[in-house]
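Enquirer: Mind looking over this structure? Questions follow.
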Amino acid sequence: MRARETFFALVSGLVFGIGLIVSGMTSPQKVSSFLDLAGDWDPSLGLVMGGAIGIGLFAFAIARRRSTTLLGGPMRLPNKRTIDVRLVVGSMLFGIGWGIAGLCPGPAIVALGAGNGTALLFVAAMLGGMSLVDVLERAREGRDPNASAAPTTAE
Amino acid sequence: MTVAWSAFTPWSALVGGVLIGLASAVLVLFNGRIAGISGILAGLLEPPSADTRWRLAFTIGLVAAPLCFALLRAWPSVTITATPLEVIIAGALVGVGTRLGSGCTSGHGVCGLSRLSPRSLVATGTFMGAGFLTVFLARHVLGIG
């Protein structure tokens, strides 16, 4: 089963990346034009989200009714429900970074694959930022055993 | 607001969006996982575990996407106009922010909203709002970018 899971993850990443290219979302200019409400607004990103969510609604409705995957493995959907400062501050910082360069994690990795050198800089800084949070979190947990553990479930 | 109709690409946006939705569907239905790219990348920074293989496979798929796309169409060249300093600051903010907020445009924006998760709705509203505000300040107040 693990080999098949690896195969489907590869297919998913590939189709996701091609979707980003086809939709134009690998272009930071196009993303910035969507975020520029006061300028010449390009609504394309909204339709990308709409198309993706249109399919996603069906897929996750099916997933929610199942306890196992089509390969027989466990269905691991996030179960965290708390809306806290951490979620809001984190999303705010992400949004600022997204606005500055017009890049978010997916398109940055695809741009790397397209041979863009500047994307390498972005990805290195991003991985550095992620590690920083993890290191600080571990240090805090070390001092305070009651501190909440870093969420490892990806959303 | 003026809509830039000449720049608006509704069909390619919709088709690309559907592909992104299908990719997320494949990952959740076959692997039981959320296609959250920031989470997948952050997971690769952890010591190797049972999850390393699928995360690596997904990431390789993303990296290989331009090559596969180029087999049918022209090479998808990407132009980043931000200065290196801006790119580094932006990257660091995206890294710290997605880790604290447990997700990005894919995990919260696509998968989370598809799951009708209130947490993801708050996250998506927040990062979209922050993105709108950042671009507004940069372009229309500070006059950069």
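Enquirer: B:A13 is checked against (1) within 7 Å of chain A (Cβ to nearest Cβ); (2) surrounded by fewer than 21 Cβ atoms within 10 Å (Cβ to Cβ); (3) not acidic (D, E) and fails just one. What number does that condition carry?
Expert: (2)
Enquirer: Something else now. Which residues, taken from segment A:66-108, are without any contact (Cβ under 8 Å) to a residue 40 or more places away in the chain, crowded, with 23+ Cβ neighbours inside 10 Å and more than 7 Å from chain B (Cβ to nearest Cβ)?
Expert: The one that is without any contact (Cβ under 8 Å) to a residue 40 or more places away in the chain, crowded, with 23+ Cβ neighbours inside 10 Å and more than 7 Å from chain B (Cβ to nearest Cβ): A:A108.
Enquirer: Here's something else I'd like to know. Within segment A:33-51, count every residue that is under 26 Å from B:L116 (Cα atoms) and in a helix (DSSP H, G or I).
Expert: Qualifying residue count, segment A:33-51: 10.
Enquirer: A further question follows. Out of B:A25, B:A42, B:A90, B:A65, I need the residue that is modelled with pLDDT of 95 or more and closer than 28 Å to B:A138 by Cα. Which one? It would help to see each step written out before you state the result.
Expert: Values: B:A25 fails: closer than 28 Å to B:A138 by Cα; B:A42 fails: closer than 28 Å to B:A138 by Cα; B:A65 fails: closer than 28 Å to B:A138 by Cα.
Exactly one of B:A25, B:A42, B:A90, B:A65 is modelled with pLDDT of 95 or more and closer than 28 Å to B:A138 by Cα, namely B:A90.
Enquirer: Just for segment B:116-131: of the residues that are hydrophobic (A, V, I, L, M, F, W, C) and surrounded by fewer than 23 Cβ atoms within 10 Å (Cβ to Cβ), which one is nearest to the other protein chains (Cβ to nearest Cβ)? Full working, then the answer.
Expert: To start, the set of residues in segment B:116-131 that are hydrophobic (A, V, I, L, M, F, W, C) comprises B:116, B:121-123, B:127-128, B:130.
Adding the requirement that they be surrounded by fewer than 23 Cβ atoms within 10 Å (Cβ to Cβ) leaves B:116, B:121-122, B:128.
Numbers: B:L116: 8, B:L121: 9, B:V122: 5, B:M128: 7 Å.
Checking each candidate, the answer is B:V122.
Enquirer: Go over the candidates B:L93, B:L85, B:L45 one by one and state the one that is crowded, with 18+ Cβ neighbours inside 10 Å, within 22 Å of A:V133 (Cα to Cα) and free of Cβ contacts under 8 Å to residues at least 24 places away in the same chain. Please lay out each step first, then the result.
Expert: Values: B:L85 fails: crowded, with 18+ Cβ neighbours inside 10 Å; B:L45 fails: crowded, with 18+ Cβ neighbours inside 10 Å.
Among B:L93, B:L85, B:L45, only B:L93 is crowded, with 18+ Cβ neighbours inside 10 Å, within 22 Å of A:V133 (Cα to Cα) and free of Cβ contacts under 8 Å to residues at least 24 places away in the same chain.
Enquirer: Being assigned to a helix (DSSP H, G or I) and either of a type in the set (K, R) or more than 7 Å from chain A (Cβ to nearest Cβ) (or both) is the filter here, so list the residues in segment B:101-115 that pass it.
Expert: Initial filter on segment B:101-115 (assigned to a helix (DSSP H, G or I)): B:105-114.
Correct list: empty.
Enquirer: On the given criteria, is B:L71 out of contact with any Lys or Arg (no Cβ under 7 Å at 6 or more places or on another chain) and more than 7 Å from chain A (Cβ to nearest Cβ)?
Expert: On the way: out of contact with any Lys or Arg (no Cβ under 7 Å at 6 or more places or on another chain): yes; more than 7 Å from chain A (Cβ to nearest Cβ): yes.
When the stated conditions are applied, B:L71 passes them.
Enquirer: Can you pull out the residues in segment B:17-33 that are out of contact with any Gly (no Cβ under 6 Å at 6 or more places or on another chain), crowded, with 24+ Cβ neighbours inside 10 Å and either of a type in the set (V, I, T) or not in a helix (DSSP H, G or I) (or both)?
Expert: Listed by number, the residues that qualify are B:V28, B:R33.
Enquirer: Return yes or no: is B:V78 outside any helix (DSSP H, G or I), among the aliphatic types (A, V, I, L, M) and surrounded by fewer than 24 Cβ atoms within 10 Å (Cβ to Cβ)? Talk me through it step by step, then tell me what you get.
Expert: Numbers: outside any helix (DSSP H, G or I): yes; among the aliphatic types (A, V, I, L, M): yes; surrounded by fewer than 24 Cβ atoms within 10 Å (Cβ to Cβ): yes.
Here the answer is yes, as B:V78 does meet what is asked.
Enquirer: Against the definition (at the interface with chain A (Cβ under 7 Å from one of its Cβ atoms), crowded, with 22+ Cβ neighbours inside 10 Å and either touching a residue at least 12 places away in the same chain (Cβ under 8 Å) or under 19 Å from B:L19 (Cβ atoms) (or both)), how does B:T98 come out, yes or no? Walk me through how you get there before you give the answer.
Expert: Working: at the interface with chain A (Cβ under 7 Å from one of its Cβ atoms): yes; crowded, with 22+ Cβ neighbours inside 10 Å: yes; either touching a residue at least 12 places away in the same chain (Cβ under 8 Å) or under 19 Å from B:L19 (Cβ atoms) (or both): yes.
Judged against the criteria, B:T98 is a match.
Residue-wise test of (1) over 18 Å from B:I40 (Cβ atoms); (2) under 19 Å from the mean Cα position of the chain (by Cα); (3) of a type in the set (S, T, Y).
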position: A:R64; (1), (2), (3): yes, no, no
position: A:R76; (1), (2), (3): no, yes, no
position: A:G95; (1), (2), (3): yes, yes, no
position: A:P105; (1), (2), (3): no, yes, no
position: A:V123; (1), (2), (3): no, yes, no
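Enquirer: Here's something else I'd like to know. Please go through segment A:43-65 and give me each residue that is within 17 Å of B:V78 (Cβ to Cβ), facing chain B (nearest Cβ under 7 Å) and of a type outside the set (S, T, N, Q), ordered by number. Before you say what the answer is, go through the steps one by one.
Expert: Residues of segment A:43-65 within 17 Å of B:V78 (Cβ to Cβ): A:44-45, A:48.
Next cut, facing chain B (nearest Cβ under 7 Å) only: A:44, A:48.
Hit for segment A:43-65 is A:V48, nothing else.
Enquirer: With respect to B:L56, determine if the residue is more than 7 Å from chain A (Cβ to nearest Cβ) and either among the aromatic types (F, W, Y) or farther than 30 Å from B:H140 by Cβ (or both). So that I can check it myself, show each step before the final result.
Expert: Working: more than 7 Å from chain A (Cβ to nearest Cβ): yes; either among the aromatic types (F, W, Y) or farther than 30 Å from B:H140 by Cβ (or both): yes.
Here the answer is yes, as B:L56 does meet what is asked.
The values are calculated or read from the model by the stated rules, or taken from the named source; none is laboratory data. Remember, it's a predicted structure, so these values are computed and weren't measured experimentally. Note that each Cβ is placed from the backbone with ideal geometry, even for glycine, and that neighbours are counted across all protein chains shown.
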